[in-house]
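A short reminder: the numbers here are calculations on the coordinates, not readings from a lab. These numbers were taken from a predicted model, which means no experiment stands behind them. Neighbour counts are summed over all protein chains in view; Cβ atoms, including those assigned to glycine, are modelled from backbone coordinates with ideal geometry.
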Amino acid sequence: MASDATPVILVVDDDPVIVRLLEINLSLEGFAIVATTRGEEAVRLAKERRPALLLLDLMMPGMDGWAVREALLEDPTTADIPVVVVSARTQDEDRERGYALKVAAYITKPFDPAELVETVRRCVARPPSP
């Protein structure tokens, strides 16, 4: 069970294998994990749990990652939650769109788990941008 001091990471990816990989790696590093495979659920969980960070896939059925990010930015209660995109989309246009939507980092799949954990640590430690 996570204590109040344990940072909660919300993992959002439609691939259960990726979700499990992230859960294992981040749990081993002392983070509490909340996960979902659906964008709509991610928005609800972000409002309820107020995670320290969201790891967000872009390509998901229904509400995709772009729509999730936009919904979070539109709500003052979730706008300051840092988001790290973890996606197979590698085009410059995707990265540019991500940074235009104020993502903290953009990591492409396949990813190095150690590098991802370091990015999460760095983003959780930094104060939210205005």
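Tabulated values for the structure
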read-out	value
Inter-label distance for residue 101 and residue 67, nm, one decimal - labels placed 7 Å from Cα along Cα-to-Cβ	1.1
Directionally averaged shadow of region 8-125, computed from the convex hull of its alpha-carbon atoms, nm²	6.3
222 nm mean residue ellipticity, helices alone, for the chain (DSSP H n ≥ 4; -39,500 (n - 2.57); rounded to 500)	-13000 deg cm²/dmol
Sequence-distant residues sharing a close amide H with residue 35 (under 5 Å, placed H)	11
